[in-house]
Amino acid sequence: MKLFIKLIRNLLGGIIALLDLITRGSKKKRTPEQQQEVNQAAQDLTLYQFFACPFCTKTRRAIYKLNLPVEKRSASEGSPYREELKQGGGKVKVPCLRIEKDGQTEWLYDSKEIIRYLENRFA
Ligand SMILES: N[C@@H](CCC(=O)N[C@@H](CS)C(=O)NCC(=O)O)C(=O)O
C-alpha cells in the first residue's frame, strides 16, 4: 500500500513537473552586466531537490522566472547528494537551498522560505 501511494505521488508530481516545463513562460530580463552579476552570485547557491516533488517544482519555477543559474542536485535515494544534504542540513527534506556566504554555509528549508529569500535578493 505504501509503495502504491509513493507511486501515485511520484506520478502526479511528475505530471506537475512536466506541466511546469510547458507553461513556464519568460524569464526575468536584465542588462548583460546585471545578469553577469546575478550569475556570479548564483554560484554560491545550490538547490537540493526531487524532480517529482511539487514543492521543488514550485521552487524551480521561481528560480527559472528569476533567471538564476542555480545548480540543482538530486537528493533521491541512491544519489550521493542525499547524504550531503543530510550531513550538511541535518535532514533529508526537499527543497533545500544551500547558501554559501562569507565562508559560512546556510541550509534553507521550505519552498516558501526559499522563494521569499530569492525574490528578496534577485527580483
Ligand atoms: N513545507 C515543505 C514541504 C516539503 C516536503 O514535504 N518535501 C517532501 C517531498 S515532496 C520531502 O522532502 N519528504 C522527505 C522524503 O521524501 O524523504 C515545503 O514547502 O518545502
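The values are calculated or read from the model by the stated rules, or taken from the named source; none is laboratory data. Note that the structure is a prediction, hence the values are computed from the model and not measured. Counting neighbours? That spans all protein chains shown, and the Cβs are built from the backbone with ideal geometry, glycine included. Calculation scope for accessible area: heavy atoms of the full protein, side chains included, ligands and nucleic acids excluded. Shrake-Rupley method; radii C 1.70, N 1.55, O 1.52, S 1.80 Å.
Residues in the range 67-107 that are within 12 Å of the chain's Cα centre (by Cα), closer than 25 Å to Gln34 by Cα and part of a loop (DSSP other than H, G, I, E, B): how many?
Adding up the residues that qualify gives 3.
State all residues of the range 24-35 that are in a helix (DSSP H, G or I), open to solvent by 80 Å² or more (accessible area, probe 1.4 Å) and either at pLDDT below 95 or not acidic (Asp, Glu) (or both); if no residue qualifies, say none. Steps first, answer last, please.
Our first condition is that a residue be in a helix (DSSP H, G or I); within the range 24-35, this holds for 32-35.
Pick out the ones that are also open to solvent by 80 Å² or more (accessible area, probe 1.4 Å) and you get 32-34.
If the condition is that a residue be in a helix (DSSP H, G or I), open to solvent by 80 Å² or more (accessible area, probe 1.4 Å) and either at pLDDT below 95 or not acidic (Asp, Glu) (or both), then Pro32, Gln34 are the ones that fit.
Considering each residue of the range 52-92, count those that are free of Cβ contacts under 8 Å to residues at least 40 places away in the same chain, surrounded by 15 or more Cβ atoms within 10 Å (Cβ to Cβ) and either in contact with a Gly (Cβ under 7 Å, 6 or more places away or on another chain) or of a type in the set (Lys, Arg) (or both), and give that number.
3
Cβ-Cβ below 7 Å, separation at least six or inter-chain, first residue in the range 95-121 and farther than 15 Å from Asp44 by Cβ and touching a residue at least 40 places away in the same chain (Cβ under 8 Å), second more than 10 Å from the ligand (Cβ to nearest atom) and open to solvent by 60 Å² or more (accessible area, probe 1.4 Å): which pairs?
none
Restricting to the range 36-62, name every residue that is in a helix (DSSP H, G or I) and within 14 Å of the ligand (Cβ to nearest atom).
Pro54, Phe55, Cys56, Thr57, Lys58, Thr59, Arg60, Arg61, Ala62, listed by residue number.
Could you figure out which of (1) within 17 Å of the chain's Cα centre (by Cα); (2) within 15 Å of the ligand (Cβ to nearest atom); (3) in a loop (DSSP other than H, G, I, E, B) isn't true of Ala17?
(3)
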